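The structure appears below as structure tokens.
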Amino acid sequence: MTREEILKLDRANVVYPWVVQGKGEPLVIDRAEGIYMWDVNGKRYIDFCAGLLCVNIGHGNKHVLDAMKAQMDKLCYVGTQFATEPKAKLASMVAEVTPGDLNHVFFTNAGADAVENAIKAVRWATGRQKIYSSWHGYHGATSGAVTLTGDPRRWPSEPGIPGVTKYFYPYCYHCPLGYKDNQSCGTACLQTLKAQVQMDGPKTIAAIFMEPIIGTNGIIVPPVEFVKGVRQLCDENGILMVSDEVMAGWGRAGRWFGIEHFDVVPDIITTAKGITSGYIQLGAMIWNDKVHEVFTQRPFVGGLTYQGHALACAAGVANIEVYRKDNLIEKSRLDGEYLHGKLKELMDRHPSVGDVRCKGLWACIELTSNRATHAPLAGYADCIRNVSGEFTKRLYALGLYLFAKWDFLFISPPLTITRAEIDESIGIIDEVLGWTDSLIGR
Ligand SMILES: Cc1ncc(COP(=O)(O)O)c(C=O)c1O
């Protein structure tokens, strides 16, 4: 089919997420390999965001495809009450790569339903109802997960589920407590959270959810003391700590899981994306021994028709083999340092770049209209200007895709990317940042 024929059908029948229908004109992608994707007219694009920050091992990996094909010939799916080799194998491999005693895997279809099940689990395990999550976190689009979400994607779903309270995450570039630099504040954000918990009744709180590094709200890396302090606060009060690693996991931040940067072990991890690198949908909620013990005494009343899907688990097993064989986790850490250096150079050259944040091959360029005040260029929520739309259009013309929204340009390539390919991609972004520079002061 031609591009026009596909778009005609697409326009008529496909409902797109998050946007007003019928307005955009998507690229029509035909195939993908490694870090590249091609549209139906044969134009090549660098996938500098690994799809929606998930294709960690790159597109078309033969080892994973062969494993999936072999599994398909044998068994795609059976009821969740049966054991299968791929399910058992993947659960044991997940337990090996997660920190501490996070040994017990409840498979889901994606990230949001992993979070939904974690909401259930923490409430039943503690007998408490209250859940804390941060103003800067994103946890998914289903009703519980979106209630835990702090950003404007939550607004249309309000009032949401009961019992959810928000805390301020240490977003030092726009410090919610008004500090001008993150050297002088000590751990003011942690003290604020502690005071909030104290007033709320520490023994009434089931769990504190956090992204160990904030993903879709700007790759915000918190101070180590903050994360350690949250763990301590949880330990002192019988509160469970949930690390949402849907995006931060699987090498994206240069460790198997983002929380490892803080030398902290949570009670529950929720994850998805890089577990299969998007070759097929799969998510997981992972319990430590303490949480698991509760559910050896009574049932965990929850389940999903497709959980532990044999084909998806086979893809997960093969993915972990690729991460290991190609040393991708360590590569992400080292190449992330290289990428960070390149981003700092961009910041030196472009006044419209307010901040660059990077951990592993996972980064954000935050745009600004005023470096001194950190004022936005596009704005949060209802944009002042739709900079991201125009920015991505200009990148497409030059053969690069990245995910952009509000003032954020996200960089999250397949972990297989070479340094030469990083240089080429940064060169394209460099060119388009000339356009955002030109907007300042208008
Ligand atoms: C931290 C985090 N949690 C949960 C989700 C939701 O995952 P999914 O879109 O697979 O439901 C996302 C998606 O980007 C995420 O980044």
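Quick check: is even one residue across segment 340-354 among the charged types (D, E, K, R), on the phi < 0 side of the Ramachandran plot and either assigned by TED's automatic domain parsing to the domain that holds Val221 or under 21 Å from the mean Cα position of the chain (by Cα) (or both)? Within segment 340-354, none of the residues are among the charged types (D, E, K, R), on the phi < 0 side of the Ramachandran plot and either assigned by TED's automatic domain parsing to the domain that holds Val221 or under 21 Å from the mean Cα position of the chain (by Cα) (or both).
Residues that are free of Cβ contacts under 8 Å to residues at least 24 places away in the same chain, part of a loop (DSSP other than H, G, I, E, B), within 16 Å of the ligand (Cβ to nearest atom) and small (Gly, Ala, Ser) do occur in segment 160-181. The residues of segment 261-278 that are away from the ligand (no atom under 14 Å from the Cβ) and either basic (Lys, Arg) or crowded, with 24+ Cβ neighbours inside 10 Å (or both) amount to a single one, Asp267. The set of residues from segment 16-35 being under 21 Å from the mean Cα position of the chain (by Cα) and either of a type outside the set (A, V, I, L, M, F, W, C) or under 15 Å from Arg3 (Cα atoms) (or both) comprises Tyr16, Pro17, Gly34. Condition check: in contact with a helix residue (DSSP H, G or I) (Cβ under 7 Å, 6 or more places away or on another chain), modelled with pLDDT of 95 or more and surrounded by 24 or more Cβ atoms within 10 Å (Cβ to Cβ). Does Gly258 satisfy that? No; evaluated as a whole, the condition is false for this residue.
Consider Gly336 carefully, then state whether it is at positive phi and either at pLDDT 95 or above or in a helix (DSSP H, G or I) (or both). So Gly336 fails the test. Taken across segment 235-250, residues that are away from the ligand (no atom under 11 Å from the Cβ) and within 19 Å of the chain's Cα centre (by Cα) do occur, with at least one present. Restricted to segment 49-128, the set of helices (runs of 4 or more DSSP H) holding at least 1 residues that are assigned by TED's automatic domain parsing to the domain that holds Phe295 and away from the ligand (no atom under 16 Å from the Cβ) comprises 62-74, 85-97, 111-126. In segment 346-357, which residues are free of Cβ contacts under 8 Å to residues at least 40 places away in the same chain and either part of a helix (DSSP H, G or I) or not β-branched (Val, Ile, Thr) (or both)? Matches in segment 346-357: Met347, Asp348.
The values are calculated or read from the model by the stated rules, or taken from the named source; none is laboratory data. What you are looking at is a predicted structure, and each value in this text was computed from that prediction instead of being measured. In this analysis, Cβ positions are derived from the backbone assuming ideal geometry, glycine residues included, and neighbour counts consider all displayed protein chains.
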